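K.L.:
What follows is a single structure, and I will ask about it in a moment.
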Amino acid sequence: MMSKLETLMSRLPQDVDAVILNSEHNRLYYTGLASSAGTLLVLREKAYFIIDFRYIEVAKKKAQGCEVLLQQKLGEQLRQLTGKHGVKRIALESENCSVKEYTSFCRMLPECEILTDDRVNAVITEQRMIKDEHELSLIRQAQELTDRSFEYILDYISPGKTEREIALELEFYSRKIGSEGPSFEFIVVSGPNSSLPHGVPGERVVQNGDFITMDYGCLIEGYHSDMTRTIAVGEPSDDMKAVYDKVLEANLKAIDAIKAGEPCNKIDAVARDLIAAAGYGGCFGHGLGHSLGVQIHEDPRFNPTDETVCVPGMMMTVEPGIYLEGRFGCRIEDTVYITENGCIDITKSPKELIVL
């Protein structure tokens, strides 16, 4: 089996001699090393990872499939390597490259044509869509910590605690049991704040009769998990129960519809149409889900415009929600691994309405 770097080398467009990768997530994906700096030069026959003194020792031990070089004068080193290998046309990461970075590479490599089209970026995106067994294992491990953290936080939540206190306790515990950090800034919102899909935990005090929505995840070797659960503190109203039941139904039916060969927008429609038919058509304003891996949001997406066809190996979230402005909101999110005949839900936390 080819390594990730070998696969990229084999898929470079015919008129592209090399690609420069300098985004943090693509460096991690292709080398296995998390770092805040470094330049990965990928040729058709070899790859070089140029990295500064802070990371050189660990890079020599951990970076996979490439020759590690200590960064001294990056421009001179790139000119030497491209000259040695006869490189004339170099592609950049069009999705992640700033104008400043583009002009810098143009100055450093005046003898080379610097390409900015999307072809290599499309190759990278397509490659990263399919998770191998090692990636699946890491995401499963991250999700196991996420599930354990949910079980723990249920005993911590009570009226009188603030959203911020709950979010901090959730993050502290997840780190304590092995997470490298949060997948993203944890979302813990309660009562009327739960109608904010990406609300920020604040000083609001949890009260009886509240929904609390918690959207969070853990990190293992740079790979993310993502889960949302909505719970009730004290007895929820009939309206809250009805919304919860409809969101859960949308979650379950969408997961049941996922299989290889189905377009992503069709999966989105399963949940979206169900929610709309129940009278909440204007209350589900985000996509049904997204891929994840070395980034929390990756392609493809379950949304109304993404026509990407599902294939085995994709890892996707399924997160329908209903948000009633100024009143309350509810979201339930699982992560699934697509197979030939369906999908495997790797999220194990209970989804029936929990009332504390």
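K.L.:
Just give me the residues in the range 202-219 being open to solvent by 20 Å² or more (accessible area, probe 1.4 Å) and either among the aliphatic types (A, V, I, L, M) or within 24 Å of the chain's Cα centre (by Cα) (or both), in sequence order.
P.N.:
Just the residues of the range 202-219 that are open to solvent by 20 Å² or more (accessible area, probe 1.4 Å), to begin with: 203-205, 207-209, 219.
Once the filter is applied, which keeps residues that are open to solvent by 20 Å² or more (accessible area, probe 1.4 Å) and either among the aliphatic types (A, V, I, L, M) or within 24 Å of the chain's Cα centre (by Cα) (or both), the range 202-219 yields Val205, Leu219.
K.L.:
Count, please, the residues in the range 31-48 that happen to be closer than 19 Å to Lys88 by Cα and open to solvent by less than 50 Å² (accessible area, probe 1.4 Å). Give the steps one after another, and end with the answer.
P.N.:
Taking the range 31-48 and keeping what is closer than 19 Å to Lys88 by Cα, we get 39-48.
Adding the requirement that they be open to solvent by less than 50 Å² (accessible area, probe 1.4 Å) leaves 39-43, 47-48.
Residues flagged as closer than 19 Å to Lys88 by Cα and open to solvent by less than 50 Å² (accessible area, probe 1.4 Å) within the range 31-48 amount to 7.
K.L.:
Of all residues in the range 107-116, which are in a helix (DSSP H, G or I) and open to solvent by less than 80 Å² (accessible area, probe 1.4 Å)?
P.N.:
Across the range 107-116, the qualifying residue is only Met108.
K.L.:
In addition: When you scan the range 194-216, do you find a residue that is on the phi > 0 side of the Ramachandran plot, part of a loop (DSSP other than H, G, I, E, B) and touching a residue at least 12 places away in the same chain (Cβ under 8 Å), even just one?
P.N.:
So the first thing to find is which residues in the range 194-216 are on the phi > 0 side of the Ramachandran plot, and the list is 209.
Among the residues that remain, those that are also part of a loop (DSSP other than H, G, I, E, B) are: 209.
Filter once more, so that each one left must be touching a residue at least 12 places away in the same chain (Cβ under 8 Å): 209.
Yes, the conditions are met somewhere in the range 194-216.
K.L.:
I would also like to ask the following. Test Arg119 against the criterion of being among the basic types (Lys, Arg), under 25 Å from the mean Cα position of the chain (by Cα) and crowded, with 19+ Cβ neighbours inside 10 Å, and give yes or no.
P.N.:
Values: among the basic types (Lys, Arg): yes; under 25 Å from the mean Cα position of the chain (by Cα): yes; crowded, with 19+ Cβ neighbours inside 10 Å: no.
For Arg119, the condition - among the basic types (Lys, Arg), under 25 Å from the mean Cα position of the chain (by Cα) and crowded, with 19+ Cβ neighbours inside 10 Å - is not met.
K.L.:
Looking only at residues in the range 311-356 that are open to solvent by 10 Å² or more (accessible area, probe 1.4 Å) and of a type in the set (Asp, Glu), which one is nearest to Ala271 (Cα to Cα)?
P.N.:
Among those residues, the one meeting the criterion is Glu319.
K.L.:
Looking at the range 164-193, which of its residues are assigned to a strand (DSSP E or B) and surrounded by fewer than 19 Cβ atoms within 10 Å (Cβ to Cβ)? Full working, then the answer.
P.N.:
Residues of the range 164-193 assigned to a strand (DSSP E or B): 182, 187-190.
Matches in the range 164-193: Pro182 only.
K.L.:
Asn265 is checked against (1) of a type outside the set (A, V, I, L, M, F, W, C); (2) over 19 Å from the mean Cα position of the chain (by Cα); (3) surrounded by 18 or more Cβ atoms within 10 Å (Cβ to Cβ); (4) not in a strand (DSSP E or B) and fails just one. What number does that condition carry?
P.N.:
The number of the failed condition is (2).
K.L.:
Right, another one. Examine the range 88-98 for a residue that is at pLDDT below 95, touching a strand residue (DSSP E or B) at 6+ places or on another chain (Cβ under 8 Å), open to solvent by 60 Å² or more (accessible area, probe 1.4 Å) and not small (Gly, Ala, Ser), and state whether such a residue exists.
P.N.:
No; the residues of the range 88-98 include none that is at pLDDT below 95, touching a strand residue (DSSP E or B) at 6+ places or on another chain (Cβ under 8 Å), open to solvent by 60 Å² or more (accessible area, probe 1.4 Å) and not small (Gly, Ala, Ser).
K.L.:
Quick check on my filter: what residues within the range 9-30 are out of contact with any Lys or Arg (no Cβ under 8 Å at 6 or more places or on another chain), open to solvent by less than 50 Å² (accessible area, probe 1.4 Å) and closer than 20 Å to Glu221 by Cβ?
P.N.:
Once the filter is applied, which keeps residues that are out of contact with any Lys or Arg (no Cβ under 8 Å at 6 or more places or on another chain), open to solvent by less than 50 Å² (accessible area, probe 1.4 Å) and closer than 20 Å to Glu221 by Cβ, the range 9-30 yields Ser23, His25, Asn26, Arg27, Leu28.
K.L.:
Taking the range 127-158 only, how many residues are open to solvent by less than 20 Å² (accessible area, probe 1.4 Å), outside any helix (DSSP H, G or I) and of a type in the set (Val, Ile, Thr)?
P.N.:
1
The values are calculated or read from the model by the stated rules, or taken from the named source; none is laboratory data. If you're wondering where the values come from, they're calculated on a predicted model, not measured in any experiment. Here the Cβ is made from the backbone with ideal geometry for all residues, glycine too, and neighbour counts use every protein chain on show. To get the accessible areas, we keep the full protein, side chains included, count just its heavy atoms, and leave off ligands, DNA and RNA. Shrake-Rupley method; radii C 1.70, N 1.55, O 1.52, S 1.80 Å.
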